Amino acid sequence: MFLGWYDPDRKKPARLKLAQAIERYVEKFGEAPELVLTNPVDAGELRTPTKADPGEPALPIREAAYIPRWTFYVGRPETAAAPAALAA
């Protein structure tokens with residue numbers, strides 16, 4: 001399940017936007033997301049350390065050109081149900 005987060009504020013760093021998206025995901029679903037899907041430009045910004053946030057990004061990043069700029073999808077990929085679960 002993924003949560004879409006759109007924030008076009010150019011003054012706000014991408015890592016802050018991601019932190020806000022993660023916070024909302026936890027509020028809504030009660031668990032932490034496993035990854036973020038975003039535009040290649042935003043992915044580059046997330047991977048670039050800053051003085052305020054010098055470490056690694058909070059989540060693994062996957063980029064996709066079809067995702068609009070300033071849009072972040074945070075969540076967990078859905079796993080295929082086991083065949084035994086489908087038969088029940």
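Where a number appears in this text, it was derived from the coordinates with a stated rule and is not lab data. Quick caveat, the model's predicted, so the values are computed rather than measured. Glycine also receives a Cβ, built like all others from the backbone with ideal geometry; neighbour counts cover every protein chain displayed.
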So what are the chain's ellipsoid semi-axes, whole angstrom, largest first, if each one is the square root of 5 times an eigenvalue of the alpha-carbon gyration tensor? 27, 14, 12
Work through the residues other than residue 11 whose Cβ is under 14 Å from its Cβ and net out their charges, Lys, Arg +1 and Asp, Glu -1. +1
Table column - 3J(HN,Hα) (Hz), segment 45-59, Karplus curve with 6.51, -1.76, 1.60, x for Gly and Pro: 5, 5, 7, 8, x, 10, 4, 6, 9, x, x, 6, x, 5, 9
Output wanted: per-residue J couplings in Hz (rounded whole) for segment 7-19, from phi through Karplus 6.51 cos²θ - 1.76 cosθ + 1.60, θ = phi - 60°, x for Gly and Pro. 8, x, 5, 6, 7, 8, x, 4, 5, 5, 4, 5, 4
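Give me the percent of DSSP beta bridges within segment 2-78 that run antiparallel, rounded to the nearest 5. Before the final figure, lay out the partial values.
Working: 9 of 12 bridges.
Given both bridge residues lie in segment 2-78, the antiparallel proportion sits at roughly 75 percent.
Dipole magnitude of the chain about its Cα centre, charges +1 at Lys/Arg Cβ and -1 at Asp/Glu Cβ only, in debye to the nearest 20?
Working: 12 positive and 12 negative charges, 62 e Å.
About 300 debye.
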Can you compute 3J(HN,Hα) from phi for each residue in segment 21-28, using the Karplus curve 6.51 cos²θ - 1.76 cosθ + 1.60 with θ = phi - 60°, rounded to whole Hz and x for Gly and Pro? 5, 4, 4, 5, 4, 5, 4, 6
Computed [θ] at 222 nm, helices only, for the chain once each DSSP H run of length n ≥ 4 contributes -39500 (n - 2.57): -9500 deg cm²/dmol
